[in-house]
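One structure is given below, encoded as structure tokens.
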């Protein structure tokens, strides 16, 4: 499991580095970078925290993703989970943060 950081989208806010439990993400030259993506735990904390959707989580075949990727953008209290499938199809799941942990 791993993440990909789109350096063109990254605004260098550092929020991803702050929430990474493995301390794998650093901000260098005002852009987030992960030196050892194979060490990523796949918790997706950084994906959820990125305000501009610059971080994608790769959904490999080992977890049923077949090469898809997921990114998250935020609009107020709403998280937009974007699943980009390997065939180009996109699915968006909207999650209200205020109700996300009530299960």
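Residues that are farther than 15 Å from residue 45 by Cα, modelled with pLDDT under 85 and surrounded by 10 or more Cβ atoms within 10 Å (Cβ to Cβ) within segment 84-97 comprise 84, 85, 86, listed in sequence order.
The one condition from (1) assigned to a helix (DSSP H, G or I); (2) in contact (Cβ under 8 Å) with a residue 60 or more places away in the chain that residue 38 does not meet is (2). Scanning segment 9-25 for residues that are in contact (Cβ under 8 Å) with a residue 12 or more places away in the chain and assigned to a loop (DSSP other than H, G, I, E, B) returns 9, 10, 11, 12, 13, 14, 20, 21, 22, 24. Residues in segment 20-43 that are in contact with a helix residue (DSSP H, G or I) (Cβ under 8 Å, 6 or more places away or on another chain) and surrounded by 16 or more Cβ atoms within 10 Å (Cβ to Cβ): 5 in all. For segment 1-32, residues that are at pLDDT 90 or above, more than 21 Å from residue 84 (Cα to Cα) and more than 13 Å from the chain's Cα centre (by Cα) total 14. If you filter segment 53-80 down to residues that are more than 20 Å from residue 25 (Cβ to Cβ) and in contact with a strand residue (DSSP E or B) (Cβ under 8 Å, 6 or more places away or on another chain), you find that the one that is modelled with the lowest pLDDT is 65. How about segment 26-35: which of its residues are assigned to a strand (DSSP E or B) and out of contact with any strand residue (DSSP E or B) (no Cβ under 9 Å at 6 or more places or on another chain)? Result: 28, single match.
The values are calculated or read from the model by the stated rules, or taken from the named source; none is laboratory data. The shown structure was predicted, so the numbers you read here are calculated from the model rather than taken from an experiment. Because the Cβ atoms are built from the backbone with ideal geometry, glycine has one as well, and the counts that use them run over all protein chains shown.
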